[in-house]
Amino acid sequence: MTGKTIVITSGKGGVGKTTATANIGAALAMRRHRVVVIDTDIGLRNLDVIMGLENRIVYDLVNVIEGKCRVRQAMIKDKHGLELYLIPAAQTRDKDSIEPSQLRELCAALEQEYDYILIDCPAGIEQGFRNATTAAQEAVIVTTPEVAAIRDADRVIGLLEASGLHRPRLVINRIDADLVRRGDMMGQKDVESLLAIELIGLVPADERTVSAANRGVPVVHDARSAAGAAYIRIAARMDGEEVPLNEITPRPGMFHKLRDLVGIKGRAYSHA
Amino acid sequence: MRELLRWLFGLSGKNRQSSSEIARQRLRLVLIQDRIELSPEKMEQMKQEILEVVSRYMVVEDDFIEFEVRRLEELIMLVSNIEVKDVSALMSAPAR
């Protein structure tokens, strides 16, 4: 079996890389794939809390790379009975603790046994970024429809191209259809034309993502979540399935307009 | 109340440019700048040098109407426009 390693990156922090990694990983595992997610944000680990596995950590990525434990010992199995494993980042070390070639070697070994290895890349374009991107054959860029996030995404696309990671694919996260309709947020078309790379998913702003993170249960497990549904569709596209990209549509109707006006927050939005 | 009226009459975002449109236009330029890595000083220097060369052949305004790097789909181009003040100078321009 030969799997592939995909890095989830963004440049800017706080756009939802870790959430995307946890959810795409879970969604791929729900499609009966064997999946490993690796947190490479050494010193600032978070994928463990998003997945609700923080209490099960014994060994971490740096332990594996330094040969202090076997790979298998550092892999924490997901709670939901899926073939999904987390290799957590070390919390008390820094990004220089590992070298790009070491992470590549680890991923190469994992590719022999697993279908997908997803790397949660740290923010920034320094050592941690180089480690994460060197190890991968494909890249997914996460951005939000905001100027700072898009600018950084564009820089990262350039750096990936320069290092030979061609054709990265784009996830636009936290699209608020009401803001787009009002002209206060860039829409899918705007972001697409600015970054000019292939789109693999549109994830709506969804408060259920926030409560899911609070609970440590990725939002793909919430059947009523529009964001969860979006991640499931992204996983299907990664698998080569043809899933049309629907533009995220605003919640319709007078009632919602009024509700917006008086400031009551809506629930999930419609999806893509 | 003003917000309410504006909303009722659908005025917001129609007369004024929407903030998303402003964001898009700002980003378009920022991304080009980032991509070509030409600093504002370098741009200014290039502008002055081009102006100098053009002035050798015709009488023109002392500044460009428009001078910017722009993107059209996949094409990145330098667009510059300058007003020619004296057309007769075109005829008597020194032959090279």
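Checking each residue in the range A:127-182 for being touching a residue at least 12 places away in the same chain (Cβ under 8 Å), β-branched (V, I, T) and either part of a strand (DSSP E or B) or within 14 Å of another protein chain (Cβ to nearest Cβ) (or both) picks out A:V140, A:I141, A:V142, A:T143, A:T144, A:I150, A:V156, A:I157, A:V171, A:I172, A:I175, A:V180.
Selection within the range A:86-112: residues that are in contact with a Lys or Arg (Cβ under 6 Å, 6 or more places away or on another chain) and within 22 Å of A:G216 (Cβ to Cβ). The member of this set that is surrounded by the most Cβ atoms within 10 Å (Cβ to Cβ) is A:P88.
Restricting the search to helices (runs of 4 or more DSSP H) fully inside the range B:7-96 and requiring at least 2 residues that are surrounded by 15 or more Cβ atoms within 10 Å (Cβ to Cβ) and modelled with pLDDT of 80 or more gives B:19-36, B:40-57.
Residues are listed down the side, and each one gets a yes or a no for (1) surrounded by 18 or more Cβ atoms within 10 Å (Cβ to Cβ); (2) assigned to a helix (DSSP H, G or I); (3) of a type in the set (S, T, Y); (4) at pLDDT 95 or above:
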position	(1), (2), (3), (4)
A:R208	no, yes, no, yes
A:N214	no, yes, no, yes
A:V217	yes, no, no, yes
A:V220	yes, yes, no, yes
A:A227	yes, yes, no, yes
A:I234	yes, yes, no, yes
A:L245	no, no, no, no
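Restricting the range A:109-162 to residues that are among the small types (G, A, S) and out of contact with any strand residue (DSSP E or B) (no Cβ under 7 Å at 6 or more places or on another chain), the residue that is farthest from A:K17 (Cα to Cα) is A:A109. Screening the candidates A:S193, A:S163 for the property of being more than 23 Å from B:A23 (Cβ to Cβ) and among the hydroxyl-bearing types (S, T, Y) yields one hit, A:S163. Considering every residue within the range A:185-200, establish whether at least one is among the hydroxyl-bearing types (S, T, Y) and under 17 Å from the mean Cα position of the chain (by Cα). Checked the range A:185-200: no residue is among the hydroxyl-bearing types (S, T, Y) and under 17 Å from the mean Cα position of the chain (by Cα). A Cβ distance below 6 Å, combined with a sequence gap of six or more or placement on separate chains, defines the contacts here; from the range A:45-66, residues that are in contact (Cβ under 8 Å) with a residue 60 or more places away in the chain reach residues that are among the small types (G, A, S) and assigned to a loop (DSSP other than H, G, I, E, B) in the pairs A:G52/A:G216. Each residue in the range A:160-183 was checked for being farther than 20 Å from A:L245 by Cβ and surrounded by fewer than 17 Cβ atoms within 10 Å (Cβ to Cβ), and 5 of them qualify. Among the residues of this structure, A:E138 counts as one that is surrounded by fewer than 24 Cβ atoms within 10 Å (Cβ to Cβ), of a type outside the set (A, V, I, L, M) and modelled with pLDDT of 95 or more. The set of residues in the range A:7-27 being more than 16 Å from A:S211 (Cα to Cα) and surrounded by 24 or more Cβ atoms within 10 Å (Cβ to Cβ) consists of A:V7, A:I8, A:T9, A:S10, A:G11, A:V15, A:K17, A:T21, A:I24, A:G25, A:A26, A:A27.
Taking A:Q127 as the residue in question, decide whether it is touching an Asp or Glu at 6+ places or on another chain (Cβ under 6 Å) and either over 19 Å from A:G201 (Cα atoms) or buried (at least 17 other Cβ atoms within 10 Å of the Cβ) (or both). The answer is yes for A:Q127.
Among the residues of the range A:183-206, how many are without any contact (Cβ under 8 Å) to a residue 12 or more places away in the chain and either away from chain B (no Cβ under 12 Å) or not in a helix (DSSP H, G or I) (or both)? The qualifying residues number 3.
So in the range B:16-30, with the set limited to residues that are closer than 15 Å to B:L72 by Cα and more than 7 Å from chain A (Cβ to nearest Cβ), which one is farthest from the chain's Cα centre (by Cα)? Of everything passing the filter in the range B:16-30, B:Q25 is farthest from the chain's Cα centre (by Cα). Checked against (1) in contact with a Pro (Cβ under 7 Å, 6 or more places away or on another chain); (2) more than 12 Å from B:A23 (Cα to Cα), A:M185 meets all criteria but (2).
The values are calculated or read from the model by the stated rules, or taken from the named source; none is laboratory data. Bear in mind that the values here come from a model prediction, so they are computed numbers and not experimental data. We place every Cβ from the backbone using ideal geometry, glycine too, and count neighbours over all the protein chains shown.
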